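Engineer: Dropping a structure here in structure tokens format, bear with me for questions.
The values are calculated or read from the model by the stated rules, or taken from the named source; none is laboratory data. All figures in this text were calculated on a predicted structure; none of them were measured in a lab. Counting neighbours? That spans all protein chains shown, and the Cβs are built from the backbone with ideal geometry, glycine included. In case anyone asks, the SASA skips ligands and DNA or RNA and just uses the protein heavy atoms, side chains included. Shrake-Rupley method; radii C 1.70, N 1.55, O 1.52, S 1.80 Å.
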Amino acid sequence: MRQLIFAFCIGLLPFAANAVEPDEMLTDPVLEQRAREISKDLRCVVCQNQDIDSSNAGVARDLRLLVRERLVVGDSDAEVIEYIRARYGDYVLLKPPLEPATYALWFAPIAFVLIGVFVGGGLLMSRRKQEAFEDLGSEDENTVSEILRQNEAGDAS
Amino acid sequence: MKRLIAGLPFIAAVIFGGFFLWGLNPDRDPNEIPSVLISQPAPAFDLDPVPGLETPGLARSDLVGNERPVVVNVFASWCVPCRAEHAVLTRFVEREGMRLFGINYKDKPEDAVKWLNDLGNPYERIGSDLSGRTGIEWGLSGVPETFIVDGDGTVLFRYVGPVVGPDAVERFTQALKQAGALPNGAGS
């Protein structure tokens, strides 16, 4: 059992490996932290669905170095992202910007939920209303009161 | 109202079906990265020549002020598809009169020199981009990539990947003709 656990831990080791290599890191921990955060929002253009922070591709490494270089020069986070976006376009942003071209992307889910709520809710409401207004008729009314009376009699005993 | 609701699943099916149909289109490449450089001025850069090579280096100023649009090809000796593309580009230069400039991307100079000596050198100028920083300026996602740059320094066309095979060559030829990068009379 112990061996199994050991083997499992060894198996997990590769996942702990980081794409950011020690020689890339900045000595200033605050700047380094900011660089890491920025890198997580930038897409690697080679592997495409990976952020550059976790990618081992050469271009991703170059971009990581570039991000750090810009930070050292004194750019704000937004300026760094803008710098890279100017060269690679919106495509490098893992979080698409909110602009007219992306309104559909951002608001479609909310719109669909609202439509769903209105259509579904409207449907349920209209059905409930119909039931509420429907008259039972004298025969049914008699049957119901009969049952109710019997129930009351049963409870009392 | 009831009819509309009854029709909802059908409408949904049509919409989704449309998307699937669009996704099935074999010409659609989901890996394609839209380029921001098209119709934009080419980035500023100034690269030294590859050491050991007589071809001069490449800067942005070399791309501007030419009579016809020129072609910038990013290549490396370690890039296998570049080898196949090299023959195609050489043919364009020799037979069609295309003007070709090169950016040698992250390549050891001695490897680049050997590569060009083996295969021939169709490039008028070659800049050595050891750091890959100029590649980033061009929005490079990999090698090879090929750009057509207008006389005023505007990027007209970008081809990602090797210009190899009939379809790619056809597309590239069309782009060259449209840009007017081939001298009159050639290429017919």
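Engineer: Go through A:G122, A:S145, A:I110 and say which Cα lies farthest out towards the positive end of the charge dipole of the range A:101-156; charges sit on Cβ, +1 for Lys and Arg, -1 for Asp and Glu.
Structural biologist: The residue sitting farthest along the positive end of the dipole is A:I110.
Engineer: Here's a follow-up. Go ahead and run the numbers for FRET between A:S76 and A:L114, Cβ-Cβ distance against an R0 of 30 Å, rounding to 0.05.
Structural biologist: Values: r = 36 Å, r/R0 = 1.20.
Between A:S76 and A:L114 the formula returns 0.25.
Engineer: For chain A, what's the relative contact order in percent, using C-alpha pairs closer than 8 Å and at least 6 residues apart?
Structural biologist: Numbers: 90 pairs, mean separation 23.3, N = 157.
Dividing the mean separation by the residue count of chain A yields 15 percent.
Engineer: Could you tell me the calculated FRET efficiency between B:I11 and A:K95, based on Cβ-Cβ distance and R0 = 35 angstrom, to the nearest 0.05? Write down the numbers at each step before the final one.
Structural biologist: Working: r = 31 Å, r/R0 = 0.89.
After rounding to 0.05, the efficiency reads 0.65.
Engineer: Work out which residues of the range B:103-146 lose at minimum 20 square angstrom of accessible surface when the other protein chains are put back, relative to the chain isolated, with a 1.4 angstrom probe, and list them by number.
Structural biologist: B:Y105, B:K106, B:R133, B:I136, B:E137, B:G139, B:L140, B:S141
Engineer: Could you order B:K106, B:K2, A:K95 so the one with the most accessible surface comes first? Probe is 1.4 Å. Kindly include the intermediate steps, with their values, before the conclusion.
Structural biologist: Numbers: B:K106 60, B:K2 160, A:K95 135 Å².
Largest to smallest exposure gives the sequence B:K2, A:K95, B:K106.
Engineer: Next question, about the same structure. Quote to one decimal, in nm, the extra length available between A:R149 and A:N56 on full extension: 0.36 nm per residue of separation minus the C-alpha distance between them. Write out the running numbers ahead of the final one.
Structural biologist: Working: separation 93, 0.36 × 93 = 33.48 nm, distance 7.90 nm.
Difference between extended and current length: 25.6 nm.
Engineer: Using the crude model of +1 on Lys and Arg Cβ and -1 on Asp and Glu Cβ, and no other charge, please compute the dipole size for the protein assembly as shown relative to its Cα centre, in debye to 20.
Structural biologist: Numbers: 33 positive and 49 negative charges, 133 e Å.
With only Lys, Arg, Asp and Glu charged at Cβ, the dipole is about 640 debye.
Engineer: May I pose another question? Please work out whether the range B:35-179 counts as rounded, prolate or oblate from its C-alpha gyration tensor, where a ≥ b ≥ c are the square roots of the eigenvalues and a/c under 1.5 means rounded, while otherwise a/b larger than b/c means prolate and anything else oblate?
Structural biologist: On the way: a/c = 1.41, a/b = 1.14, b/c = 1.24.
Because its axes are fairly even, with a/c under 1.5, the range B:35-179 counts as rounded.
Engineer: For chain A, set up a GNM with springs between Cα atoms under 10 Å and report which of A:E146, A:E24, A:E79 has the largest fluctuation.
Structural biologist: With Cα springs under 10 Å in chain A, the top fluctuation among A:E146, A:E24, A:E79 is at A:E146.
Engineer: Can I ask one more? Can you compute the modelled spin-label distance between B:R83 and B:S61, with each label point 7 Å from Cα toward Cβ, in nm?
Structural biologist: Here the answer is 3.8 nm between the modelled labels.
Engineer: Another question, if that's okay. Can you tell me the dipole magnitude for chain A around its Cα centre, using point charges on the Cβ only (Lys, Arg +1; Asp, Glu -1), in Debye to the nearest 20? If you can, show how the numbers build up before the last one.
Structural biologist: Numbers: 16 positive and 26 negative charges, 177 e Å.
It works out to roughly 840 debye.
Engineer: Considering only C-alpha atoms, what is the centroid distance from the range B:15-41 to the range B:62-78, in Å?
Structural biologist: 27
Engineer: If a/c stays under 1.5 just call it rounded; otherwise compare a/b with b/c (prolate if a/b is bigger, oblate if not). Do that for the protein assembly as shown, with a ≥ b ≥ c from the square roots of the Cα gyration tensor eigenvalues. Could the numbers behind the result be given before it?
Structural biologist: Working: a/c = 3.14, a/b = 2.06, b/c = 1.52.
Prolate shape, in that a/c is at least 1.5 and a/b is the bigger ratio.
Engineer: Would you jot down the residues in the range A:44-67 that end up with at least 20 Å² less accessible area in the complete protein assembly than in the chain alone, with a 1.4 Å probe?
Structural biologist: At a threshold of 20 Å² (probe 1.4 Å), the residues of the range A:44-67 that become less exposed are A:V45, A:Q48, A:V59, A:D62, A:L66.
Engineer: Moving on to the next point. What are the ³J(HN,Hα) couplings of the range A:114-123, residue after residue, when phi is run through the Karplus curve with 6.51, -1.76, 1.60 and θ = phi - 60°? Round to Hz, x for glycine and proline.
Structural biologist: 4, 4, x, 5, 5, 5, x, x, x, 4
Engineer: Note the buried accessible area between A and B here, summed over both chains, with a 1.4 Å probe, in Å² to the nearest 100. List each step's numbers first, then the result.
Structural biologist: On the way: alone 11880 and 10770 Å², together 21170 Å².
Result for this pair: about 1500 Å² buried.
Engineer: Decide, for chain A, between rounded, prolate and oblate: order the square roots of the alpha carbon gyration tensor eigenvalues as a ≥ b ≥ c, take rounded if a/c falls under 1.5, and otherwise choose prolate if a/b is larger than b/c, else oblate. Provide the component values of the computation, followed by the final result.
Structural biologist: On the way: a/c = 4.68, a/b = 2.26, b/c = 2.07.
Verdict is prolate for chain A.
Engineer: Summarise the accessible area of the protein assembly as shown (1.4 Å probe, protein heavy atoms) by the percent that is carbon and sulfur. Mind dumping the intermediate values first?
Structural biologist: Details: 12580 of 21170 Å².
Carbon plus sulfur share of accessible area: 59 percent.
Engineer: Post the alpha-carbon centroid distance, the range A:80-125 to the range A:30-55, in whole angstrom.
Structural biologist: One Cα centre to the other: 22 Å.
Engineer: About the Cα centre of the range B:35-179, how large is the charge dipole given +1 on each Lys and Arg Cβ and -1 on each Asp and Glu Cβ? Please answer in debye to the nearest 20.
Structural biologist: Numbers: 14 positive and 20 negative charges, 49 e Å.
The dipole of the range B:35-179 has a size of about 240 debye.
Engineer: Using only helices, what value at 222 nm comes out for the protein assembly as shown when you add -39,500 (n - 2.57) per DSSP H run of length 4 or more and divide by the total residues, to the nearest 500 deg cm²/dmol?
Structural biologist: On the way: 12 runs with 174 residues, N = 345.
My calculation for the protein assembly as shown gives -16500 deg cm²/dmol from helical runs alone.
Engineer: I'd like the antiparallel share, as a percent to the nearest 5, of DSSP beta bridges with both residues in the protein assembly as shown. Please report the intermediate quantities before stating the final value.
Structural biologist: Values: 15 of 25 bridges.
Here the share of antiparallel DSSP bridges comes out near 60 percent.
Engineer: While we're looking at this one, here's another question. Name the residue farthest towards the positive end of the dipole of the range A:2-97 from the options A:S54, A:Y83, A:L42, assuming +1 on Cβ of Lys and Arg, -1 on Cβ of Asp and Glu, about the Cα centre.
Structural biologist: Positive-end residue among those listed: A:S54.
Engineer: While we're looking at this one, here's another question. Mean-square fluctuation check for chain A, GNM, Cα pairs under 10 Å: which of A:R128, A:R43, A:R64 is largest?
Structural biologist: Among A:R128, A:R43, A:R64, the largest mean-square fluctuation in the Gaussian network model of chain A belongs to A:R128.
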